[in-house]
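Below: one structure, written as structure tokens.
The values are calculated or read from the model by the stated rules, or taken from the named source; none is laboratory data. Treat the numbers as computed from the prediction; the structure is a model and nothing was measured. Positions of Cβ are generated from backbone atoms using ideal geometry, with glycine treated the same way; all protein chains shown enter the neighbour counts. Remember, those area values only see protein heavy atoms, side chains included, never the ligands or the DNA or RNA. Shrake-Rupley method; radii C 1.70, N 1.55, O 1.52, S 1.80 Å.
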Amino acid sequence: MQRQRNSSPEHDYKHTLEPIAHVLPEDLQVTHPLEEHLSAVSQMAGKMASEFGAEEWGRIAGLWHDLGKYSDDFQSYIRSNSGYEAHLVDATAGRVNHSSAGALHAEAALGKLGLVLAYLIAGHHAGLPDWFSDQTGGAALENRMKEGKEKCLLQQALKAAPKAILQQQLPSLSTVKKGEEFNGLHLWIRMLFSCLTDADFLDTEAFMDKGKSRQRGGYPELATLLSQFNKAMETKKQQAETSPINRLRADVLLQCREKGAGGPGLYTLTVPTGGGKTLSSLAFALEHALHPNHGKCRIIYAIPYTSIIEQTANVFREIFGDAVLEHHSNLDSEKETSKSRLAAENWDAPLIVTTNVQLFESLFAARTSRCRKLHNLVNSVIILDEAQLLPPEFLQPILDVMRLLIEHYSVTFVLCTATQPALETREDSFGKKWLRGPGEAEEIVSGTEKLYAQLERVTVSLPEDWNTPSSWDEIADRIARHPSVLAIVNTRADCRELHRRMPAGTIHLSA
């Protein structure tokens, strides 16, 4: 709701005007009542957090996140400056710290467990803070809480804050204890942080920019995507020639559809190149997501290379049109729309094609912009294409977070590749685990070995003697006997040497 504020210079806002959260920069007479903002964010954050059993925590975080805006200093400031800037920049020179009061109140209400909320509230603009100041100095939560107490920020806010907001039924501690038990408290906090930040941004945007807010959402349901997919596959079937390879692809597709009825968890899809695993994995994801016992809400297709992402996204776009959200750093601006740019902020789309980097860095991030999308991973199907390319140096934390997502956030993972990585838990001779796997995986397609034999398209011929080198002339002569050859050498100099000996019209590709 927008309110017209009394702009009389004699008016004492401390006593007669209701506290406000934001002001329209283009019309400072239009204000956003603070209590309405806190209530809306509380409801949204609670609903988002309910997807992983933390509704109470999301609700309280939303209700207390802007408690500091009740202070006289902030109300004076926001009425004499742009409300939009006051919202986006916090605790900087010339501006009023409005996030520490809620963090202090959470600690006062819940003791040490209140620090869970303190992290969320103190960081809801600047990002999740560290506790100690070794690397972040004054931005560390320990220092911010200390400074807030010294400046009596909570006491200032409490003077005007309604008791109904302050005196809330405290959230259950069982969720936090559960988080400690499964060693995933860091992810649980990030998920809550995602709920709070997304709810805060959405409600603020709804007030500040109604045009932008109206562009959000409106994507088709997964049921609609499945109908479009079935129609496209039927068309492909009618247009395709009858051949052994096409029969194999059809069988892989059928098995993926049937396996979609299986329970949530970890799956592998091991299909050789040429077996149609891209569309078949999507068929599994759609059938699995829409199974009556699963009810999942989105599909995320993560790929290691941007070149493959563009190809995959184009294939999906031919079927689903603008329902596909392509999100990566190399995205062609011509493929972006204002709607897709907004959806990329929080992944509020039914089908997302992204990079491994975008996905896994977000799961370990602290920045608001990175974490905002995390709550939309809950209750989804995540396909990791070319799964063998997960980075070895980060493999253990990736496997750990995959396990947490499967066990506690209703995520189903599909490891999709022609060359499955060995991700099972491994122990040394003393029984010490040196690799913790994400859990037991179930293969989607049967008869994988037979598939490899049937789809074999390459014959590898190795030299009888590895120690006897061939001259460039001998290699050039051998190549020239074939109508089409790709020759790969070690260096640019080698490439020039070989190209000089080749017939006219030979293409030289280098760098």
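Observations on the model:
- For region 418-435, filtered to residues that are part of a loop (DSSP other than H, G, I, E, B) and hydrophobic (A, V, I, L, M, F, W, C), the residue that is farthest from L282 (Cα to Cα) is F430.
- If the condition is being open to solvent by 10 Å² or more (accessible area, probe 1.4 Å), touching a Leu at 6+ places or on another chain (Cβ under 7 Å), in contact (Cβ under 8 Å) with a residue 60 or more places away in the chain and in a loop (DSSP other than H, G, I, E, B), then region 273-287 contributes only G274.
- Condition check for A476: modelled with pLDDT under 90, out of contact with any Ser or Thr (no Cβ under 7 Å at 6 or more places or on another chain) and small (G, A, S): no
- Taking (1) out of contact with any Pro (no Cβ under 9 Å at 6 or more places or on another chain); (2) more than 23 Å from D348 (Cβ to Cβ) in turn, N376 satisfies each apart from (2).
- Only one of the numbered conditions (1) in contact with a Lys or Arg (Cβ under 8 Å, 6 or more places away or on another chain); (2) hydrophobic (A, V, I, L, M, F, W, C); (3) buried (at least 22 other Cβ atoms within 10 Å of the Cβ) is violated by L377, and that is (1).
- Among residues of region 101-127, those that are open to solvent by 30 Å² or more (accessible area, probe 1.4 Å), modelled with pLDDT of 90 or more and within 17 Å of W188 (Cα to Cα), counted: 2
- Of all the residues in region 411-424, those that are at pLDDT 95 or above and farther than 12 Å from L269 by Cα number 2.
- Hey, V378 in contact with a Phe, Trp or Tyr (Cβ under 6 Å, 6 or more places away or on another chain), β-branched (V, I, T) and either modelled with pLDDT under 95 or under 27 Å from L222 (Cα atoms) (or both) or not: yes
- Residues of region 288-317 classified as within 14 Å of E221 (Cα to Cα), open to solvent by 50 Å² or more (accessible area, probe 1.4 Å) and either among the charged types (D, E, K, R) or not in a loop (DSSP other than H, G, I, E, B) (or both), total: 1
- Lone unmet requirement of (1) within 27 Å of the chain's Cα centre (by Cα); (2) more than 22 Å from P350 (Cα to Cα); (3) hydrophobic (A, V, I, L, M, F, W, C) for L279: (2)
- Within region 318-328, the set of residues being on the phi < 0 side of the Ramachandran plot and either in a helix (DSSP H, G or I) or open to solvent by 70 Å² or more (accessible area, probe 1.4 Å) (or both) comprises E318, I319, F320, D322, A323.
- Members of region 436-478 found to be closer than 21 Å to K277 by Cβ, in a loop (DSSP other than H, G, I, E, B) and either touching a Phe, Trp or Tyr at 6+ places or on another chain (Cβ under 7 Å) or not charged (D, E, K, R) (or both), listed by number: P438, A441, I444, V445, S446, G447, L455, V458
- Cross-chain or 6+ apart pairs with Cβ under 6 Å, region 481-510 first and under 17 Å from S471 (Cα atoms), then among the hydrophobic types (A, V, I, L, M, F, W, C) and open to solvent by 100 Å² or more (accessible area, probe 1.4 Å): none
- Entirely in region 188-268, the helices (runs of 4 or more DSSP H) that have 1 or more residues that are open to solvent by less than 10 Å² (accessible area, probe 1.4 Å) and farther than 30 Å from K47 by Cα: 222-239, 244-259
- Only one of the numbered conditions (1) under 23 Å from G437 (Cβ atoms); (2) modelled with pLDDT of 95 or more is violated by V357, and that is (2).
- Hits in region 329-378 (condition: in a helix (DSSP H, G or I) and over 21 Å from C195 (Cα atoms)): S333, E334, K335, S338, N356, V357
- Take the conditions (1) on the phi > 0 side of the Ramachandran plot; (2) touching a residue at least 60 places away in the same chain (Cβ under 8 Å); G431 misses just one of them, which is (2).
- Scope region 146-186; condition assigned to a loop (DSSP other than H, G, I, E, B) and modelled with pLDDT of 85 or more; matching residues: K151, C152, K159, A160, A161, P162, G184
- M502 fulfils the conditions (1) loosely packed, with under 15 Cβ neighbours inside 10 Å; (2) out of contact with any Leu (no Cβ under 8 Å at 6 or more places or on another chain); (3) assigned to a loop (DSSP other than H, G, I, E, B) except for a single criterion, (1).
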